[in-house]
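Visitor: Would you mind keeping the following structure in view while I ask a few things?
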Amino acid sequence: MTDIWDKKKRSEVMSKIRSKNTKPELTLRKALFARGFRYRMNDKKLPGKPDIVLPKYKTVIFLHGCFWHRHEGCKYACTPKTNTKFWVDKITSNAERDKVNAEKLTALGWNIVTVWECEIRHAHKHDITPLIDRIEAALFAQIPQRMSVKFYDLKEDENLMVAEDIVEYHNTPKQ
């Protein structure tokens, strides 16, 4: 199958594909900001330059394009019919690089959330609330909950004064 555009037009079209500030990324960032999350973008100090970095939660979010990062089982992750070997090698190397970067980040103590383009652009059709809820749950699962509970026996005719130190309890996830 031949390309529908000549080489010059194809080059122009491919040059307009961005790696930062894509529509799905802007949509996700706007929704996270609306929920009160503050973040950094494309931090060059971390392996893989994560799309969104939430230092408070020691979590990074990668927003992967289904085509470019080979989203398994997604209809948008198809292999082009022209120059197939090039594209298979390119996409395979992207996936391998993602895996290496994830291992490096995990070794540094970072939590990783991967969001696929189809989850924003196609699945939710402008309502990404379930996706943001899932991300929020993953973030809150990472931080210990501060809780202070102290029980007292109430005795009659006795003045009660409470002024003890706060005891910190760590909430552990259920298995």
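The values are calculated or read from the model by the stated rules, or taken from the named source; none is laboratory data. What you are looking at is a predicted structure, and each value in this text was computed from that prediction instead of being measured. Neighbour counts run over all protein chains shown; Cβ positions are idealised from the backbone, glycine included. Side chains included, ligands, DNA and RNA excluded: accessible areas come from the protein's heavy atoms. Shrake-Rupley method; radii C 1.70, N 1.55, O 1.52, S 1.80 Å.
Visitor: For the cross-link pairs Lys7/Lys44; Lys56/Lys99; Lys20/Lys90; Lys20/Lys45; Lys49/Lys90, which exceed 26 Å when the distance is taken from alpha carbon to alpha carbon?
Guide: Lys7/Lys44
Visitor: Ordering Phe67, Phe37 by how much accessible area each has at a 1.4 Å probe, largest first, what is the list?
Guide: Phe67, Phe37
Visitor: Accessible surface of Asp127 in the full protein assembly, 1.4 angstrom probe, to the nearest 10 Å²?
Guide: 80
Visitor: What does the C-alpha gyration tensor say about the overall shape of the range 1-141? Classify as rounded when a/c is under 1.5, otherwise prolate if a/b is larger than b/c, or oblate.
Guide: prolate
Visitor: Put a dot 7 Å past each Cα toward the Cβ at Leu26 and Thr129; how far apart are the dots in nm?
Guide: 2.4
Visitor: Counting other C-beta atoms within 10 Å, and keeping those with at most 16, which DSSP coil trypsin sites (Lys or Arg not before Pro) do you find in the range 56-130?
Guide: Lys58, Lys75, Lys81, Lys125
Visitor: While we're on this one: Given 0.36 nm per residue, what is the gain on full extension from Ala107 to Lys45 after removing their alpha carbon distance, in nm?
Guide: Length difference between fully extended and current span is 20.9 nm.
Visitor: Pulled fully out, how much extra length does the chain show between Ile4 and Lys81, if you take 0.36 nm times their separation in residues and subtract their Cα-Cα distance?
Guide: Result: 26.5 nm gained on full extension.
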